[in-house]
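Have a look at the structure below, then the notes.
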Amino acid sequence: MSHNPADLSKDPTPDPVEDNAFLPSPYSLSQYTQSKTDFDGVKHENAYTGGRWKVLMIATEERYVLCENGKMFSTGNHPVEMLLPLHHIMAAGFDVDVATVAGYPAKLELWAMPGEDEAVLRTYEALKPKLKQPKKLADVVANELGADSDYIAVFIPGGHGAVVGLPAAEAVAQTLEWALANDKFIVTLCHGPAALLSVGQSGKVSPFKGYSVCVFPDALDEGPNLEIGYLPGHLQWLVADLLAKQGLTIVNEDMTGKVHQDRKLLTGDSPLASNNLGILAADALVGAVRSLDGTDAKS
């Protein structure tokens, strides 16, 4: 069998468990996935020992994105974009709770799992019970997001699945509004910033108007991702385009692993940003608890 990527098919692969649904093509996977990430260690090992502050992750429970041509893209949360930032956060000493909009299990794009990356795989095993039985986000909003909440940050991973459900969910909007009102961190990357659209629906002025963000480039979803068979069709809308229409400034035009912080909103451009965003988030959270709790975070 040839190992030359040029010999691999660029036709999206049919998903055998759903009608007219497709996984990325073999060629696109050869370009977009690797057995290991660029992870080379954590910066804040066990820096936080206070035990109170934790991170709320909002994951998508959606598997399929309906394209303009009627085909569906088999997607979910991108495992590197989810697990590598969380590896840095958890290694620093913060616990993580997982929530989905309806409380159904989080979906992962396992075809993008780096099978030889110990940090990512170890974090996956640690979080798997919570991914299978997440909290219902509306319950979190009702019971755990008061002024005295133990959540110091909200994390929304990427993956094309983030464009389904999250942008229109009232519970997502309520969570983000709580985070802004209570000076909490919001961490997201790639297609995850689609969730930010939830607070600017129905003609409302987005509280993120004037913020600058990194996001997955629309140009890739409009061109190369179709040409190499990563997507089976054009998306019905584009994340950066709608964010810009709500008054946010997009700071990247390509994907290079860029991360960006504007106030307490931390963003990254793609899977390539996962490690950098994890380092940035751990820096920010450890710095915050040093101010909040004094002796709970070690230098």
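Points to keep in mind about this one:
- The single residue among L235, L243 that is within 25 Å of L145 (Cβ to Cβ) and open to solvent by less than 30 Å² (accessible area, probe 1.4 Å) turns out to be L243.
- Some residue of segment 192-215 being open to solvent by less than 10 Å² (accessible area, probe 1.4 Å), β-branched (V, I, T) and touching a strand residue (DSSP E or B) at 6+ places or on another chain (Cβ under 7 Å): yes
- Residue in segment 174-182 that is surrounded by fewer than 18 Cβ atoms within 10 Å (Cβ to Cβ) and on the phi > 0 side of the Ramachandran plot present: no
- Top-ranked residue in segment 249-267 [being in a strand (DSSP E or B) and not polar (S, T, N, Q); ranked as nearest to the chain's Cα centre (by Cα)]: L266
- Taking the numbered list (1) part of a loop (DSSP other than H, G, I, E, B); (2) farther than 20 Å from L131 by Cα; (3) in contact (Cβ under 8 Å) with a residue 12 or more places away in the chain; (4) open to solvent by less than 80 Å² (accessible area, probe 1.4 Å) in turn, D11 passes all entries but (4).
- For segment 14-47, a tally of residues being open to solvent by 50 Å² or more (accessible area, probe 1.4 Å), farther than 25 Å from D117 by Cα and either in contact with a Ser or Thr (Cβ under 7 Å, 6 or more places away or on another chain) or part of a loop (DSSP other than H, G, I, E, B) (or both) returns 5.
- Filtered residue count, segment 268-278, keeping only those that are within 17 Å of T123 (Cα to Cα) and either part of a loop (DSSP other than H, G, I, E, B) or open to solvent by 20 Å² or more (accessible area, probe 1.4 Å) (or both): 2
The values are calculated or read from the model by the stated rules, or taken from the named source; none is laboratory data. The structure presented is a predicted model; accordingly, all values stated were derived computationally and were not measured. Cβ sites come from the backbone with ideal geometry, for glycine too, and all protein chains shown count toward neighbours. When the accessible area is computed, the model is the full protein with side chains, heavy atoms only, and any ligands, DNA or RNA have been set aside. Shrake-Rupley method; radii C 1.70, N 1.55, O 1.52, S 1.80 Å.
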